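The values are calculated or read from the model by the stated rules, or taken from the named source; none is laboratory data. Just so it is clear, the structure is predicted and the values come from calculations on it, not from any experiment. Reconstructed Cβ throughout: ideal geometry from the backbone, glycine too, with neighbour counts over all protein chains shown. Ligands, DNA and RNA are excluded from the accessible area calculation, which covers all protein heavy atoms including side chains. Shrake-Rupley method; radii C 1.70, N 1.55, O 1.52, S 1.80 Å.
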Amino acid sequence: MAYLTCTNLSVGYGSHPVATNINFSLSAGEMICVVGENGTGKSTLVKTLLGLQAPLAGTIELSDGIGRGELGYLPQQGGNKRDFPASAWEVALSGRLPRLGHRPFFSKADKQATDDALERVGALDLKNRPFDELSGGQRQRVLLARALCAEAKLIVLDEPTTGLDPTAAHTLYALLEELRGGGIAVIAVSHDVSEALWHSTHVLALGHTPPLFTTVNHYRAHVKGVHS
Amino acid sequence: MNVFQTLAEYLSYPFVIYALIVGVLVALCSSLLGTTLVMKRLSFIGDGLSHVAFGAYAVASVASITQDMLIIIPVTVLAAVLLLRRGQDAKVRGDAAITMMAVTALAGGYLIMNVFGSRSNVSGDVCSTLFGSTSILTLTGNDVLLSAVMSVVVVGGFILLYNRVFAVTFDESYARACGMPTARYNLVIAIMIALVVVVGMSLVGALLLSALVVFPALSAMRVCHTFRAVTITSAAIGVGCALLGMLISILASTPVGSTIVLLDAICFVIFSFIGKED
């Protein structure tokens with residue numbers, strides 16, 4: 001049973017579609033790598049999947065009782081998090097918010113879940129460190145813990161390895177593979193295609209009309225066919 | 001000894017106690033919200049809103065409405081809501097919008113007070129609204145009650161919403177992706193800011209108010225690196241400077257608002273040095 005199914009999805013701004021006729025589905029343990037040149041709608045697709053903007057047409061279906069709160073998200077590196085006074089622990093803990101309901105404060109169980117999530121990504125020893133003093137790779141792991149805190153079944157990554165050194169990027173992908181073993185599904189937007197493809201099960205190529213959705217092996221053969 | 005005797009004598013007057021209570025409450029509220037405003041790049045919203053409050057005050061005083069808060073509070077809250085809304089789908093950039101609103105209210109308020117003002121000492125009135133004044137010493141029991149109620153609303157709201165305020169401040173799009181009603185939380189934050197501005201105007205005046213919001217948070221951020229520590233330290237700095245500033249101004253007859261703000265500035269310099277050491 002698929003966690004996420006997009007049918008005839010069009011994404012864009014206002015009346016400007018950037019990508020149309022997107023069809024794909026994602027099940028437990030799978031990882032889709034979204035590829036395409038700049039301007040083919042990768043970021044717009046992410047925003048639409050996250051509910052930050054409405055789809056222009058088509059449907060996005062979350063199934064298996066996945067609520068919005070169980071959708072984890074790793075934003076692009078950088079942004080406005082510079083100098084923000086917060087410890088890694090506080091950042092990860094904020095992932096529990098969707099589970100807070102109408103309670104004002106976090107319970108012991110919430111704090112335990114945060115510790116567990118940090119442990120899973122190997123960042124428990126960073127918990128008291130200021131978030132803005134962590135390296136890029138450490139930050140990504142803490143943000144991944146934030147997504148795990150919400151017991152996310154589906155994790156969306158926007159350019160997860162931009163600004164990471166090769167070792168940190170590799171660690172991140174290995175970590176994702178481990179999480180997928182536990183039934184988590186992943187969508188990663190990446191321009192660092194070679195490494196991302198290596199770890200993915202499926203590819204969504206937005207540059208094609210209509211967007212091409214296939215397994216990694218098929219995609220590799222397709223690309224080879226085009227180039228030879 | 002002499003100083004303490006003088007102080008003890010002043011402290012035996014209820015109006016001095018009233019002033020101290022209101023001052024501490026205002027400082028507490030504004031410094032709590034400071035971190036969020038600074039991190040959301042909304043520092044000058046306090047400044048803009050206090051100008052709007054000044055305009056509303058001018059209208060209320062000219063119309064000789066005795067319960068002037070009934071005008072000032074709704075107008076300021078409305079302005080806060082409009083400004084935060086603007087920030088989201090801005091055709092005019094946020095800071096420009098705030099500046100326009102602020103100067104219009106300031107100019108309008110001054111004009112109204114000058115042309116239609118019935119009181120003899122217009123410039124004195126204007127000056128004390130802009131820079132705060134000894135009017136803090138003429139507070140009645142009702143004024144104290146009003147600011148106490150508003151402070152309880154702001155502080156209570158902040159504590160109950162602490163975790164959500166953190167999420168909305170740290171990463172608004174993540175919070176929204178999780179299904180949190182971020183627009184509603186932004187609205188609540190805006191209303192709290194407006195309340196702080198209205199209460200704070202009587203203490204330090206419209207022009208100096210944003211110092212109470214911004215300085216304690218910035219000072220705390222020089223030495224603390226977790227959101228919780230920054231929030232608590234900021235509140236302590238804000239309250240400490242306000243209390244000390246009011247006592248100094250009583251003893252040395254300096255203007256209350258300026259004394260507090262300058263103490264906050266000194267505090268910031270000291271914390272900057274401490275922060276650089278480690």
Subset of the stretch A:182-201 (residues that are under 19 Å from A:Pro75 (Cα atoms), open to solvent by 40 Å² or more (accessible area, probe 1.4 Å) and not in a helix (DSSP H, G or I)): A:His191, A:Asp192
Do we have B:Leu146 as within 15 Å of B:Ile45 (Cβ to Cβ), open to solvent by 50 Å² or more (accessible area, probe 1.4 Å) and at pLDDT below 90 here? no
Could you tell me whether any residue of the stretch A:60-72 is at the interface with chain B (Cβ under 10 Å from one of its Cβ atoms), open to solvent by less than 40 Å² (accessible area, probe 1.4 Å), modelled with pLDDT under 90 and more than 26 Å from A:Ser190 (Cβ to Cβ)? yes
Of the residues in the stretch A:123-137, those that are open to solvent by 40 Å² or more (accessible area, probe 1.4 Å) and either away from chain B (no Cβ under 14 Å) or not in a helix (DSSP H, G or I) (or both) number 6
Report those helices (runs of 4 or more DSSP H) wholly inside the stretch B:1-88 carrying at least 3 residues which are under 22 Å from B:Ser128 (Cα atoms). B:14-39, B:43-62, B:69-88
Check off (1) open to solvent by less than 30 Å² (accessible area, probe 1.4 Å); (2) out of contact with any Leu (no Cβ under 9 Å at 6 or more places or on another chain); (3) of a type in the set (A, V, I, L, M); (4) more than 12 Å from every other protein chain (Cβ to nearest Cβ) for B:Val230 and give me the number that stays unchecked. (4)
Looking at (1) in contact (Cβ under 8 Å) with a residue 40 or more places away in the chain; (2) open to solvent by less than 30 Å² (accessible area, probe 1.4 Å); (3) under 26 Å from B:Pro216 (Cα atoms), find the lone condition where B:Asp47 falls short. (2)
Flagged in the stretch B:169-189 as closer than 20 Å to A:Asp83 by Cβ, open to solvent by 20 Å² or more (accessible area, probe 1.4 Å) and more than 7 Å from every other protein chain (Cβ to nearest Cβ), in numbering order, are B:Glu172
Just the residues that are away from every other protein chain (no Cβ under 14 Å) and either open to solvent by less than 10 Å² (accessible area, probe 1.4 Å) or in contact (Cβ under 8 Å) with a residue 60 or more places away in the chain (or both), please, taken from the stretch A:141-163. A:Glu159, A:Pro160, A:Thr162, A:Gly163
Exactly one of B:Phe158, B:Phe166 is more than 22 Å from B:Thr76 (Cβ to Cβ), within 14 Å of chain A (Cβ to nearest Cβ), touching a residue at least 60 places away in the same chain (Cβ under 8 Å) and not in a loop (DSSP other than H, G, I, E, B), and that residue is B:Phe166
